[in-house]
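The values are calculated or read from the model by the stated rules, or taken from the named source; none is laboratory data. Since the structure is predicted, the reported quantities are computational estimates derived from the model, not experimental observations. Cβ placement follows ideal geometry from the backbone for every residue including glycine, while neighbour counts extend to all protein chains displayed. Remember, those area values only see protein heavy atoms, side chains included, never the ligands or the DNA or RNA. Shrake-Rupley method; radii C 1.70, N 1.55, O 1.52, S 1.80 Å.
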Amino acid sequence: MSIIDLRSDTVTKPTPGMRQAIANAEVGDDMSGEDPTVNRLEARMAELLGKEAAVYACSGTQSNQMGLRVHCRPGDELLIDETGHLANYEAGAPAALSGISVRFVKGNGGLIDVPLLEGKVRPDDQHYAVTRLVCVENTTNLGGGRAYSLPHMQRLSNWSWGMGLKVHADGARLFNAAEAQGYSVGQFAALTDTISVCLSKGLGCPMGAILAGTKEAIRHARRSRKQFGGALRQSGMMAAAALYALDHHVERLAEDHAAAKEFAREVAQTPGVTLDVSAVETNLVFFEIDPTWGTAAQFVRELGSQGVRMLALGPQRVRAVTHLDVTADDIRVAAKEVARVLAAGPAVSSETSSNAAAGPYAAGPLPTHASVTPDRVQSRN
Ligand SMILES: Cc1ncc(COP(=O)(O)O)c(C=O)c1O
């Protein structure tokens, strides 16, 4: 059975061209600043993002946490939407690695705005943590693949800077946001102090992320990268994949967005599904399964047995993600399969807990470590 894997854009495998670029990479010892390919990638990303400097990190998690460490000291606090990845799905890293506490605000589709933050900056009083940082996610992941417009971000950053706060952006899918909103990644990055960009999502690299900011911020971030175990040696092999992706995988993101919208339009017409087509801005599509049919976990299991993979991210909530490794035809097949599985009638399952297979993004109690299955491990993207 051929598999159509829509669980995440992290499931992509390097293309033949990317593998060739990896094989041909010129390398050196990056920890000594001697890997020419890493140096080229960092310089190119700094230029694209309009920042003084950039540093290669192993993962988006590492890069985000390096960014937080640039701005905050133990006892400081950051403000973020309640769905924010860096505060919910990075294993408690703000507290564990940097002693930062998190104050959540309830945004709209993962996007936050000034009225939500007003009154959340704590007074200068010995009882309080020091509010230091505002974090945004662009595009939002659990918020639904939404992107900030430039005026929206300008408003938010101006306000934050006016309050003496710093701004960090988790741009795991920044190139998707830029494509959807019609701005350059540099225009968005100009409205941040530090920005993290993932290379292993829509861009299709096997690993890696970039953190960009001022020279001083990146000098500081290199030390925390070392402390976090992320300073590498001949990482030019992976930087070569990223340079290849910048040349070949950016413009095609528009195809992923078009495919996501087509998929959303099809699925929205399927009985038993609630899907707001107008909320689909990029490559992430979220929909709800009618509880009379069953749970999202049951649905993705049935669908998976037909060769189409999606994630259950809540009791009724399902996510499908378009990416480099799925074609427009695959997406049409997937939409038909959704309809077929739902039309086949309510799922028969002995499962009673609606969160049981929904993974760490699910609402409700988190699984204990002992109950984390390989299935759940795959769903943290
Ligand atoms: C919005 C967002 N930020 C950060 C990350 C972390 O990236 P990584 O999996 O490379 O650590 C992810 C990935 O799942 C994400 O979706």
Please specify each residue of segment 60-96 satisfying the condition of being within 14 Å of the chain's Cα centre (by Cα) and either assigned to a helix (DSSP H, G or I) or away from the ligand (no atom under 12 Å from the Cβ) (or both). Gly60, Thr61, Gln62, Ser63, Asn64, Gln65, His85, Leu86, Ala87, Asn88
Counting only residues that are more than 10 Å from the ligand (Cβ to nearest atom) and under 18 Å from Ala46 (Cα atoms), which one in segment 198-211 is surrounded by the most Cβ atoms within 10 Å (Cβ to Cβ)? Leu211
Any idea how many residues of segment 97-154 are in contact with a Ser or Thr (Cβ under 7 Å, 6 or more places away or on another chain), closer than 21 Å to Leu174 by Cα and in a loop (DSSP other than H, G, I, E, B)? 9
Filter result for Thr131 (of a type in the set (Ser, Thr, Tyr), away from the ligand (no atom under 16 Å from the Cβ) and surrounded by 21 or more Cβ atoms within 10 Å (Cβ to Cβ)): yes
Qualifying position, being more than 21 Å from Ile218 (Cα to Cα), in contact (Cβ under 8 Å) with a residue 24 or more places away in the chain and open to solvent by 30 Å² or more (accessible area, probe 1.4 Å), among Gly17, Gly50, Gly107, Gly75: Gly75
Would you mind stating whether Glu137 is within 16 Å of the ligand (Cβ to nearest atom) and of a type in the set (D, E, K, R)? yes
Residues of segment 33-43 classified as farther than 15 Å from Ile218 by Cα and open to solvent by 10 Å² or more (accessible area, probe 1.4 Å), total: 3
When you scan segment 1-14, how many residues do you find that are touching a strand residue (DSSP E or B) at 6+ places or on another chain (Cβ under 7 Å), open to solvent by 20 Å² or more (accessible area, probe 1.4 Å) and part of a loop (DSSP other than H, G, I, E, B)? 2
Checked against (1) open to solvent by less than 10 Å² (accessible area, probe 1.4 Å); (2) away from the ligand (no atom under 16 Å from the Cβ); (3) in a loop (DSSP other than H, G, I, E, B); (4) not aromatic (Phe, Trp, Tyr), Ser157 satisfies every condition except (3)
Of the residues in segment 161-174 that are touching a residue at least 12 places away in the same chain (Cβ under 8 Å) and open to solvent by 20 Å² or more (accessible area, probe 1.4 Å), the one that is nearest to Leu111 (Cα to Cα) is Lys166
Need the failing condition index for Gly229 against (1) touching a Ser or Thr at 6+ places or on another chain (Cβ under 9 Å); (2) assigned by TED's automatic domain parsing to the domain that holds Leu68, just the number. (1)
For Glu255, state whether it is surrounded by fewer than 23 Cβ atoms within 10 Å (Cβ to Cβ) and over 21 Å from the mean Cα position of the chain (by Cα). no
Top-ranked residue in segment 281-339 [being of a type in the set (Ser, Thr, Tyr) and not in a helix (DSSP H, G or I); ranked as most open to solvent (accessible area, probe 1.4 Å)]: Thr292
